[in-house]
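Colleague: The structure follows.
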There are 2 protein chains.
Amino acid sequence: MSDNFERRDEREPGHEPPGGPGRGPAGGPDGGREGARDAETSAAEAAGRNDIYSDDGSIRQDFLTAVGAAIADRDVLFLRSEVGALHVSELGDLLEAINTAQRQELVRLLGDDFDFAALTEVDEAIRLEIADAMPNAKIAEALGELESDDAVYILEDLEEEDQLEILAQLPFTERIRLRRALDYPEDTAGRRMQTEFVAVPPFWTVGQTIDYMRDEEELPGSFAQIFVVDPTFKLVGSVNLDRILRTKRMVRIEEIMDDPRSPITAEMDQEEAAQIFEQYDLLSAAVVDDNKRLVGVLTIDDVVDVINEEAEEDIKRLGGVGDEELSDRVITTVRSRFTWLLINLATAILASAVIALFDATISEMVALAVLMPIVASMGGNAGTQTMTVTVRALATRDIDIYNAGRVIRREAAVGLINGVLFAVIIGVVAALWFSNPGLGGIIAAAMVINMLAAALAGILLPLLLDKIGADPAIASAVFVTTVTDVVGFFAFLGLAGWWLSSLA
Amino acid sequence: MSDNFERRDEREPGHEPPGGPGRGPAGGPDGGREGARDAETSAAEAAGRNDIYSDDGSIRQDFLTAVGAAIADRDVLFLRSEVGALHVSELGDLLEAINTAQRQELVRLLGDDFDFAALTEVDEAIRLEIADAMPNAKIAEALGELESDDAVYILEDLEEEDQLEILAQLPFTERIRLRRALDYPEDTAGRRMQTEFVAVPPFWTVGQTIDYMRDEEELPGSFAQIFVVDPTFKLVGSVNLDRILRTKRMVRIEEIMDDPRSPITAEMDQEEAAQIFEQYDLLSAAVVDDNKRLVGVLTIDDVVDVINEEAEEDIKRLGGVGDEELSDRVITTVRSRFTWLLINLATAILASAVIALFDATISEMVALAVLMPIVASMGGNAGTQTMTVTVRALATRDIDIYNAGRVIRREAAVGLINGVLFAVIIGVVAALWFSNPGLGGIIAAAMVINMLAAALAGILLPLLLDKIGADPAIASAVFVTTVTDVVGFFAFLGLAGWWLSSLA
């Protein structure tokens, strides 16, 4: 965020801009639409771009009712003016709030007024549901209207054959463009990039560039920087728009361009690209092929989606669920969770086997069966805490070979200290509960051992998984709790067995 | 991402830009620096903006060594040219990779060449450590150079008295500006906003606006849109820079401006503001006070930080850790985790109490003690799966009053189906293990009951916590596992007790 330019606060008295008529009658591109809406009924009022949501962030009931009624009555006029006026993301939320029948009817009634980009804002299940209900010709026509990255986002989920049929019906340049993006593997910058951008030669002047943008009708929908390329279309630099606006017309682009910092290659993993955006606070960045030729541009709004997806992935993996969506069918969800539960069952049986080793000890003193889950549970939670911090630190690259040693010692210390603290607490509790000081001593000792084991497992297992190239988020949880269960039961029951036999 | 403009692919043959000298000798603002670096030694080469990182994302050892040596030899020349050339985020990573002594020495040696903005890129502990080692006068001087949002970010963590002393040493307008931001509560848009922006009256023409930006020396460091205000400084609209560049000089700003969509108020929670950015794909947005007067601008790079923080918060809370950082002292971490573990201890003891109810049953058949953890553990995991999905859906607002019912029925179904599947598996395993079919039937029945309970607890508890205004992420985990432990032990041991007594 820092920079070498002076800056100013527009509110300094001296700089107050001269007065004026304020908001003009024209009122910008949305003026007409606003006007149209002002004339609507109160129910329709709910369709205002920003007031279709209630305070809890869900779509207002009265608006849903109005839309539902309009769909039932085939009130195309209302739908066109109200639903057609929504921002794509709002249209997406609306599609998710109504039922399947209403969805398909709504899309049908809106016809060309249905902004296909809304499909990029809904769950995959709903996206496919809508797409499957449309003829491929219609889809192709709609995709032609979209930015290439949105088109690709919708295309990539469709059946292979539908993809080909749709691509075949697109104009040449559009088809080539989408093909190029689709050829890059999923989750790469090439898949996410937009193939529309403005590129100029380095010797152009600021004036030429501005005139070009004024006269050129076919510019990208919106852009924050333009790119500078040589005759072979190799990327030689980029210029942010504000730089162009603050520079005199006669200055040459090459004099104000920034050299391409940390170029993003089309094959680069989208997560890596996102990290570059975050590190250098980029609004957009050029995507180049193996020959350093400019092939597209990655924009921050796509990167924000990536960041959210990655965070979502970590959260779900830590929780033992795959990338399921709320709209998935029950059977899909059952299957996706089954594997994880099966692995957990195996580890749970392993833990039980450890207990089985000491069944004689338990039958000698049932209190052990009552207390043993406490040791295991405390270890499991302490281990989860350490593991969560470690997995997160690995994801944000806050942990590396330079501080790993320090972090491990730190976690061990934390585990030991908390272990001692809770050993004292549970020791006293157990001693009083079963009026048996010896038992208190045994569980206290077991607690210290297991809490230390938990800390070590919580930090070492994710580091190990990361080192061997596995995703620490997905497998750590099960391994860590296995360690804490086994160590917990073994330490507690083992010490108890030794203690009881020593009494005898 | 969708829009109403036509777009073009610069790579269409007809549009290939004319050839040119490519990268000019001037080479933009970084040219000089590049040149300087090209002259350096190979070790120094490592200081290249993009190659100080090794493949695993950590800073290259040879660069760290070179810097360490330079600090030791007080080689100011090397440090100025190499470390001074780094991007603030790279400087931040470097500061985190070296030790305390080196850090303070590095900052001292760099003097005015130390970009204070780097402090916004490091952990709070390190930020304070560096700040505390500097005289407030020096800090004030450095803050004056920063964008207001970076300055506030650094100031807010300092001691009250230091804050006041530093503010007192800042020039008037700068002081007022930072005070205004600091007056807004933490985690609000007002705290995050940048108070430098460009605002023009609606009646200005595009030409006037461009000329103004060309002549005005004191513009914000970088910006993606300008704002339109009336004489009372009320926000009447905004214009993206690309819109200005593609519009003829004589057009009036009010004709091309967008009306302020979903205005962000200074008191708005930063998370809410972030959601608006995500929904409408904004690059920057005006922040207004209660009187709709423009007070600042929120930029996407700050919003990205917010998004990451919020995701991080959810992950850590689900893992039972507060917002601790790797650089926290051991005692701080111990304290922050103690509470959570203490709550878990209480619930674990509760579960044990349930077991204690059946000690007679257990002493009658020790196999029960061996098997009971399996039922509890499976329930705990199934519950965690459902809870994770629910908490995430609440965070992303994918779940609301309209689909809550459907989601609950869905989770119940998933729980029941998986419950039956695992009941069969564990039933057979137990029957064979202890060659006791009856025992297999008992654990199977208990498994179905607990898996269903887990599903319901996993979805209902977060929804309930959210409804009463508590953070579902922070408390759900402990409640859910308590339910699954208690129900698991009670169902299994209870059924077993009834079964054994019925045999007698």
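Colleague: Between B:S42, B:S58, which is modelled with pLDDT under 90, out of contact with any His (no Cβ under 9 Å at 6 or more places or on another chain) and surrounded by 13 or more Cβ atoms within 10 Å (Cβ to Cβ)? Quick ask: steps written out before the conclusion?
Modeller: Details: B:S42 fails: surrounded by 13 or more Cβ atoms within 10 Å (Cβ to Cβ).
On inspection, the qualifying residue turns out to be B:S58.
Colleague: Given the structure, is B:D162 facing chain A (nearest Cβ under 10 Å), assigned to a helix (DSSP H, G or I), under 26 Å from B:S89 (Cα atoms) and at pLDDT 85 or above? First the steps, then the outcome.
Modeller: Working: facing chain A (nearest Cβ under 10 Å): no; assigned to a helix (DSSP H, G or I): yes; under 26 Å from B:S89 (Cα atoms): yes; at pLDDT 85 or above: yes.
When the stated conditions are applied, B:D162 does not pass them.
Colleague: Next question, about the same structure. Which ranges mark the helices (runs of 4 or more DSSP H) fully within region A:175-271 that have 1 or more residues being closer than 20 Å to A:D281 by Cβ and open to solvent by 40 Å² or more (accessible area, probe 1.4 Å)?
Modeller: Values: elements: A:189-192, A:206-215, A:241-245, A:253-256.
Fully inside region A:175-271 and qualifying: A:241-245.
Colleague: Next up: Pick from B:T188, B:T173: which is touching an Asp or Glu at 6+ places or on another chain (Cβ under 6 Å) and under 19 Å from B:E267 (Cβ atoms)?
Modeller: Values: B:T173 fails: under 19 Å from B:E267 (Cβ atoms).
Testing whether each residue is touching an Asp or Glu at 6+ places or on another chain (Cβ under 6 Å) and under 19 Å from B:E267 (Cβ atoms) leaves just B:T188.
Colleague: Another question, if that's okay. List the number of the failed condition for B:I349; all other conditions in (1) under 30 Å from B:Q275 (Cβ atoms); (2) within 8 Å of another protein chain (Cβ to nearest Cβ) hold.
Modeller: Only one criterion is unmet by B:I349, namely (1).
Colleague: Condition (residue is at pLDDT 90 or above and touching a Ser or Thr at 6+ places or on another chain (Cβ under 7 Å)) applied to region A:316-336: is it met by at least one residue?
Modeller: Among the residues of region A:316-336, not one is at pLDDT 90 or above and touching a Ser or Thr at 6+ places or on another chain (Cβ under 7 Å), which makes the answer no.
Colleague: Test A:D211 against the stated conditions and say whether it is on the phi > 0 side of the Ramachandran plot and either out of contact with any helix residue (DSSP H, G or I) (no Cβ under 9 Å at 6 or more places or on another chain) or at pLDDT below 90 (or both).
Modeller: Numbers: on the phi > 0 side of the Ramachandran plot: no; either out of contact with any helix residue (DSSP H, G or I) (no Cβ under 9 Å at 6 or more places or on another chain) or at pLDDT below 90 (or both): yes.
Taking the combined requirement at face value, the residue does not satisfy it.
Colleague: Still on this model: Applying the selection to region B:262-283, what residues are within 18 Å of B:A199 (Cα to Cα) and at pLDDT 90 or above?
Modeller: B:I264, B:T265, B:A266
Colleague: Please go through region A:325-339 and pick out each residue that is at the interface with chain B (Cβ under 7 Å from one of its Cβ atoms) and crowded, with 17+ Cβ neighbours inside 10 Å.
Modeller: Answer for region A:325-339, where residues must be at the interface with chain B (Cβ under 7 Å from one of its Cβ atoms) and crowded, with 17+ Cβ neighbours inside 10 Å: A:L326, A:T333, A:V334, A:R337.
Colleague: Now for a different question. Within region B:169-199, count every residue that is more than 14 Å from every other protein chain (Cβ to nearest Cβ) and either in contact (Cβ under 8 Å) with a residue 12 or more places away in the chain or basic (K, R) (or both).
Modeller: Taking region B:169-199 and keeping what is more than 14 Å from every other protein chain (Cβ to nearest Cβ), we get B:169, B:182-191.
Still in the running and either in contact (Cβ under 8 Å) with a residue 12 or more places away in the chain or basic (K, R) (or both): B:169, B:182, B:184-191.
Residues meeting the conditions: 10.
Colleague: Looking only at region A:434-456, filter to residues that are open to solvent by 10 Å² or more (accessible area, probe 1.4 Å) and touching a residue at least 60 places away in the same chain (Cβ under 8 Å); which one of those is nearest to the other protein chains (Cβ to nearest Cβ)?
Modeller: A:F434
Colleague: Of all residues being within 11 Å of another protein chain (Cβ to nearest Cβ) and not β-branched (V, I, T) in region A:110-132, which is surrounded by the fewest Cβ atoms within 10 Å (Cβ to Cβ)? Just the residue, please.
Modeller: Going residue by residue through region A:110-132, those that are within 11 Å of another protein chain (Cβ to nearest Cβ) are A:115-123.
Still in the list and also not β-branched (V, I, T): A:115-119, A:121, A:123.
Values: A:D115: 22, A:F116: 24, A:A117: 24, A:A118: 25, A:L119: 27, A:E121: 23, A:D123: 16.
The qualifying residue surrounded by the fewest Cβ atoms within 10 Å (Cβ to Cβ) is A:D123.
Colleague: Do you know which residues across region A:380-394 are surrounded by fewer than 24 Cβ atoms within 10 Å (Cβ to Cβ) and either touching an Asp or Glu at 6+ places or on another chain (Cβ under 6 Å) or under 15 Å from A:A453 (Cα atoms) (or both)?
Modeller: At the first step, the residues of region A:380-394 found to be surrounded by fewer than 24 Cβ atoms within 10 Å (Cβ to Cβ) are A:393-394.
Correct list: A:L394 only.
Colleague: Let me ask something else. Looking only at region A:176-218, count every residue that is of a type in the set (K, R) and touching a Pro at 6+ places or on another chain (Cβ under 9 Å) and tell me the total.
Modeller: Restricting attention to region A:176-218, the residues satisfying the condition of being of a type in the set (K, R) are A:177, A:179-180, A:191-192, A:214.
Narrowing the set further to residues that are touching a Pro at 6+ places or on another chain (Cβ under 9 Å) leaves A:191.
Total meeting the criteria: 1.
Colleague: Test A:I139 against the stated conditions and say whether it is β-branched (V, I, T), closer than 21 Å to A:E159 by Cβ and open to solvent by less than 10 Å² (accessible area, probe 1.4 Å). Reasoning before the result, please.
Modeller: Details: β-branched (V, I, T): yes; closer than 21 Å to A:E159 by Cβ: yes; open to solvent by less than 10 Å² (accessible area, probe 1.4 Å): yes.
Criteria met by A:I139.
Colleague: Here's another thing I want to ask about it. Kindly indicate whether B:V306 is aliphatic (A, V, I, L, M), more than 8 Å from chain A (Cβ to nearest Cβ), touching a Gly at 6+ places or on another chain (Cβ under 8 Å) and open to solvent by less than 10 Å² (accessible area, probe 1.4 Å).
Modeller: Values: aliphatic (A, V, I, L, M): yes; more than 8 Å from chain A (Cβ to nearest Cβ): yes; touching a Gly at 6+ places or on another chain (Cβ under 8 Å): no; open to solvent by less than 10 Å² (accessible area, probe 1.4 Å): yes.
Against the criterion (aliphatic (A, V, I, L, M), more than 8 Å from chain A (Cβ to nearest Cβ), touching a Gly at 6+ places or on another chain (Cβ under 8 Å) and open to solvent by less than 10 Å² (accessible area, probe 1.4 Å)), B:V306 does not qualify.
Colleague: As an exercise: evaluate B:A286 against (1) more than 19 Å from B:R180 (Cα to Cα); (2) crowded, with 22+ Cβ neighbours inside 10 Å; (3) among the small types (G, A, S) and give the number of the one condition it does not meet.
Modeller: Only one criterion is unmet by B:A286, namely (1).
Colleague: Right, something else. Just checking, which of A:I425, A:I474 is surrounded by fewer than 19 Cβ atoms within 10 Å (Cβ to Cβ) and in contact with a Lys or Arg (Cβ under 9 Å, 6 or more places away or on another chain)? Break it down into steps so the answer makes sense when it comes.
Modeller: Values: A:I425 fails: in contact with a Lys or Arg (Cβ under 9 Å, 6 or more places away or on another chain).
Matching residue, one of A:I425, A:I474: A:I474.
Colleague: Let me ask something else. Do you know which residues across region A:253-269 are more than 7 Å from chain B (Cβ to nearest Cβ) and under 23 Å from B:T209 (Cβ atoms)?
Modeller: So in region A:253-269, the residues more than 7 Å from chain B (Cβ to nearest Cβ) come out as A:253, A:260, A:263-269.
The answer is A:I253, and nothing else.
Colleague: Next question, about the same structure. All but one of (1) open to solvent by 10 Å² or more (accessible area, probe 1.4 Å); (2) part of a helix (DSSP H, G or I) hold for B:F277, so report the exception by its number.
Modeller: (1)
Colleague: Let me ask something additional. Considering only region B:67-76, I want to know if a residue exists there that is under 21 Å from B:A151 (Cα atoms) and out of contact with any strand residue (DSSP E or B) (no Cβ under 8 Å at 6 or more places or on another chain).
Modeller: Taking region B:67-76 and keeping what is under 21 Å from B:A151 (Cα atoms), we get none.
No: region B:67-76 contains no residue that is under 21 Å from B:A151 (Cα atoms) and out of contact with any strand residue (DSSP E or B) (no Cβ under 8 Å at 6 or more places or on another chain).
Colleague: Answer yes if at least one residue in region B:83-91 is more than 9 Å from chain A (Cβ to nearest Cβ), modelled with pLDDT under 90 and farther than 18 Å from B:D115 by Cα, and no otherwise.
Modeller: Of the residues in region B:83-91, the ones more than 9 Å from chain A (Cβ to nearest Cβ) are B:83-86, B:91.
Of the ones still in play, those that are also modelled with pLDDT under 90 are B:83-86.
Cutting the leftovers down to farther than 18 Å from B:D115 by Cα gives us none.
No, the conditions are met nowhere in region B:83-91.
The values are calculated or read from the model by the stated rules, or taken from the named source; none is laboratory data. Note that this is a predicted model, so its numbers are computed, not measured. Don't worry about glycine lacking a Cβ; one is built from the backbone with ideal geometry, like all the others, and counts go over all protein chains shown. Keep in mind that these areas ignore ligands, DNA and RNA; they rest on the heavy atoms of the full protein, side chains included. Shrake-Rupley method; radii C 1.70, N 1.55, O 1.52, S 1.80 Å.
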